[in-house]
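The values are calculated or read from the model by the stated rules, or taken from the named source; none is laboratory data. These figures come from a predicted structure and were not determined experimentally. Note that each Cβ is placed from the backbone with ideal geometry, even for glycine, and that neighbours are counted across all protein chains shown.
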Amino acid sequence: MRETSLRSMDRRSFIKTGLGTVGALFALGPMDSLGADGTGQEVARFALLSDTHVPADVQNNYRGFYPYQNLLKVVPDVASCSPDAVVITGDLARLTGELGDYANLKSLLDPLVEKTPVFMGLGNHDNRENFLKTFERTSGQKRPVSGKHVVVINKGPVRLIVLDSLLYTDKVQGLLGKAQRQWLENYLRESDNTPTILCFHHTLGDADGDLLDVLRLFDMIEPIQKVKAIVYGHSHVYAFSQLEGIHLINLPAVGYNFNDKGPVGWVETQLTSQGGDFTLHAVAGNTDADGRTTKLTWR
Ligand SMILES: [Zn+2]
């Protein structure tokens, strides 16, 4: 894990050099009760998934991985952990967000949705319109940012905000955009001090395919102490780093890795007001770190 504490002048260079490899949202199903850890501290348990890349054709494969089969395998694994909620940070669909991709995603997630709420964000391989057509049941929450799907998940000791970084379907770069950033700033300033984790699809580097407004985002959130971590996908790499005391958690892909070093799987997490435990469930690719828990303490 990389630990970095930088003054704001250095933030730009960290983003440029340190993170190069590093949606729309939807709630389905009921919210369950909270657990507690051994100390009696209130705990929220989430399953964090990303980059499922579910295809319409179940035989579709890439680098020897079958994304449909991977999610089929992961769903019972997630269900057996009985999380309070599931969050999937985008690239739900194979490449272009086809209706057939989402139909398969929906049927694969059905056994989970019956047990726990599933929140989905959109990535650059999603299509907002097709996604919404397929997942038409909403959480009943009014959409706070026009044309973007933003969902706030309040779960005991923590709050997760799933943001929408989808800019163009099947073009790699992402953008939150001014309206969404402005909404986020207002929301963060007006809400209580519950430790807050931002979730979205895109990586935080300076490459053309990263989140293009990452520096504006960081300028905004750095002084807001309640923002503790960012969870994202996109790179198909599992990695932890830190910037200005904010933890950056890059989720592995469920669908496939981009090179043999990367695990394919998902992350089980237990979050408290003080920090979180993140445990890798590697189902394919590099499984060396399967079961490994990374402990983070919030700033
Ligand atoms: Zn992806």
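Please find, within segment 47-73, the residue that is surrounded by the fewest Cβ atoms within 10 Å (Cβ to Cβ) out of those that are closer than 13 Å to residue 281 by Cα and more than 15 Å from the ligand (Cβ to nearest atom).
Among them, the one singled out is 73.
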What single numbered condition from (1) assigned to a loop (DSSP other than H, G, I, E, B); (2) within 16 Å of the ligand (Cβ to nearest atom); (3) of a type outside the set (D, E, K, R); (4) over 21 Å from residue 149 (Cβ atoms) fails to hold for residue 125? (4)
Can you list residue pairs whose Cβ atoms sit under 6 Å apart, with the first residue in segment 220-239 being closer than 24 Å to residue 47 by Cβ and within 16 Å of the ligand (Cβ to nearest atom) and the second being of a type in the set (Gly, Ala, Ser) and outside any loop (DSSP other than H, G, I, E, B)? Count only pairs 6 or more apart in sequence or on different chains. 236/253
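Would it be correct to say that residue 248 is surrounded by 20 or more Cβ atoms within 10 Å (Cβ to Cβ), touching a Ser or Thr at 6+ places or on another chain (Cβ under 7 Å) and aliphatic (A, V, I, L, M)? Give the derivation first.
Values: surrounded by 20 or more Cβ atoms within 10 Å (Cβ to Cβ): yes; touching a Ser or Thr at 6+ places or on another chain (Cβ under 7 Å): yes; aliphatic (A, V, I, L, M): yes.
For residue 248, the condition - surrounded by 20 or more Cβ atoms within 10 Å (Cβ to Cβ), touching a Ser or Thr at 6+ places or on another chain (Cβ under 7 Å) and aliphatic (A, V, I, L, M) - is met.
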Per the filter on segment 240-278, residues over 14 Å from the mean Cα position of the chain (by Cα), more than 16 Å from the ligand (Cβ to nearest atom) and more than 20 Å from residue 153 (Cβ to Cβ) are 241, 242, 243, 244, 245, 260, 261
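Among the residues of segment 180-190, are any of a type in the set (Phe, Trp, Tyr) and out of contact with any strand residue (DSSP E or B) (no Cβ under 9 Å at 6 or more places or on another chain)?
First, pick out the residues of segment 180-190 that are of a type in the set (Phe, Trp, Tyr): 183, 187.
Retained after the next criterion (residues that are out of contact with any strand residue (DSSP E or B) (no Cβ under 9 Å at 6 or more places or on another chain)): 183.
Within segment 180-190, one or more residues are of a type in the set (Phe, Trp, Tyr) and out of contact with any strand residue (DSSP E or B) (no Cβ under 9 Å at 6 or more places or on another chain).
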Residue 100 vs. criteria small (Gly, Ala, Ser), away from the ligand (no atom under 13 Å from the Cβ) and at positive phi: no
From the set of residues in segment 181-206 that are under 17 Å from the mean Cα position of the chain (by Cα) and not hydrophobic (A, V, I, L, M, F, W, C), which is surrounded by the most Cβ atoms within 10 Å (Cβ to Cβ)? 202
Yes/no for residue 77 being modelled with pLDDT of 95 or more, away from the ligand (no atom under 16 Å from the Cβ) and over 30 Å from residue 175 (Cβ atoms): yes
If we scan segment 129-139, do we find a residue that is within 16 Å of the ligand (Cβ to nearest atom) and modelled with pLDDT under 95? yes
